[in-house]
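The values are calculated or read from the model by the stated rules, or taken from the named source; none is laboratory data. Just so you know, these numbers come straight off a predicted model, no measurement behind them. Using ideal geometry, Cβ is built from the backbone for each residue, glycine included, and neighbour counts are taken over all protein chains shown.
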Amino acid sequence: MTAILKWAGGKRSLVQAIVSTFPPGYEGKAYHEPFLGGGAVFFTVKPLRGTVNDVNPRLVNFYRVVRDTPVELVAEASKYPYERETYYRLRDRFNEGGLEAVEDAALLLYLNKTGYNGLYRVNSRGKYNVPFGTYRNPTIVPEDGIYAASESLRRVELRSEDFAYLLDAAREGDIVYLDPPYEPLSRTSNFNTYSPTGFPWSEQVRLSETIRELDARGVLFTLSNSEPVKKLYRGYRVRIVHANRSINTKTTARGPVREIIVTNIKNLKLRLKGSIKKYQTFSTPHRNPCVQTPDFSQYIRFINSELHPANMSKDEVEGKSKKIKGQIREKVGKITDNKTEQIKGKIEQVQGKAQEEIGKVKRKAKE
């Protein structure tokens with residue numbers, strides 16, 4: 001299922017890249033997401049147990065109403081027409097506060113679906129100040145999505161507190177996915193005013209310290225953020241990805257942006273990379289003067305970044321896999337000395353593992 005709210009900075013386009021970092025059998029592990037937002041990853045994973053959290057109490061109220069009273073939510077939100085005048089009248093009503101839970105949730109849903117670009121932004125007084133958005137026949141109440149989300153939310157604990165709660169909730173072997181407000185790339189791209197206090201650099205540092213503590217306890221984590229925070233996660237696996245972003249005060253700055261995915265999880269791709277490096281070292285001239293060193297650097301980058309279903313079509317996967325297999329055969333063919341049969345066997349083992357990985361990616365690309 002997909003997320004039921006539009007969300008600026010949401011992870012719909014990166015879900016597969018993020019979930020691909022999770023270990024085999026992740027479906028059976030407890031799952032925790034401390035910055036739920038639109039919940040694109042959560043609603044894709046559909047965990048059987050765990051916690052979801054957000055510091056925004058009105059967003060948590062919305063998900064609580066989705067979980068407990070979805071029928072009432074659908075009925076209330078269906079009353080509101082898509083009109084500019086109605087939007088600003090209901091925005092004022094939302095900012096009054098003190099509403100019943102169902103009405104508050106219905107107004108949040110309406111504002112989210114009809115406001116500018118799915119943005120949730122408040123001013124220093126905590127007032128929602130997103131302007132009216134222009135759409136053609138927007139779907140304001142996704143009934144099927146609400147009922148499906150209700151089922152998923154009933155399986156986890158819903159919280160609204162500081163992300164440090166993970167130090168008590170997450171256990172060894174659990175999976176934590178973190179999608180905090182991004183550190184802005186520039187002043188004009190700063191749209192992380194998600195709460196009156198924002199999420200300054202000091203919070204990014206505190207989050208990285210919390211993650212390192214979780215890692216020390218054996219908790220598995222994956223985090224997405226912007227490149228400026230990369231230096232906080234030295235020692236972990238970091239992958240650069242591109243995501244489409246449509247919000248910036250400068251229209252020329254909109255479009256694909258570089259982001260990072262950080263994880264401490266060892267998966268098949270990373271184990272394969274280690275195997276290739278091991279055999280590359282084994283076949284270097286200083287270890288065996290009779291051997292011409294195979295250059296697998298392009299292959300390593302290929303397996304770990306280029307060949308990914310979130311970034312490539314089925315035809316591109318097929319073309320890339322044929323090209324790289326040819327490169328491997330060419331490099332292996334350069335090892336001609338009779339004394340290197342053992343090395344050939346080792347490299348062929350790596351090639352076999354690569355074939356398995358390529359097959360998996362092809363199957364995902366077909367889905």
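The helices (runs of 4 or more DSSP H) located wholly in segment 99-187 that include 3 or more residues which are of a type in the set (Asp, Glu) occupy 143-153.
Residues in segment 8-58 that are in a helix (DSSP H, G or I), polar (S, T, N, Q) and either more than 15 Å from residue 175 (Cβ to Cβ) or not assigned by TED's automatic domain parsing to the domain that holds residue 260 (or both): 13, 16. Among the residues of segment 184-226, those identified as charged (D, E, K, R) and at pLDDT 95 or above are 203, 206, 209, 212, 213, 215, 217. Out of all the residues in segment 72-93, is one or more among the aliphatic types (A, V, I, L, M), within 23 Å of the chain's Cα centre (by Cα) and assigned by TED's automatic domain parsing to the domain that holds residue 128? No; the residues of segment 72-93 include none that is among the aliphatic types (A, V, I, L, M), within 23 Å of the chain's Cα centre (by Cα) and assigned by TED's automatic domain parsing to the domain that holds residue 128.
All conditions in (1) surrounded by 14 or more Cβ atoms within 10 Å (Cβ to Cβ); (2) touching a Ser or Thr at 6+ places or on another chain (Cβ under 9 Å) hold for residue 91, with the sole exception of (2).
Looking across 182, 177, 147, 120, one residue alone is among the aromatic types (Phe, Trp, Tyr), touching a helix residue (DSSP H, G or I) at 6+ places or on another chain (Cβ under 6 Å) and under 24 Å from residue 260 (Cβ atoms). It is 177. Determine, yes or no, whether residue 158 is more than 20 Å from residue 8 (Cα to Cα), touching a Ser or Thr at 6+ places or on another chain (Cβ under 9 Å), surrounded by fewer than 16 Cβ atoms within 10 Å (Cβ to Cβ) and not acidic (Asp, Glu). No. Among the residues making up segment 234-265, those that are at pLDDT 90 or above, surrounded by 17 or more Cβ atoms within 10 Å (Cβ to Cβ) and among the aliphatic types (A, V, I, L, M) are 241, 260, 261, 262.
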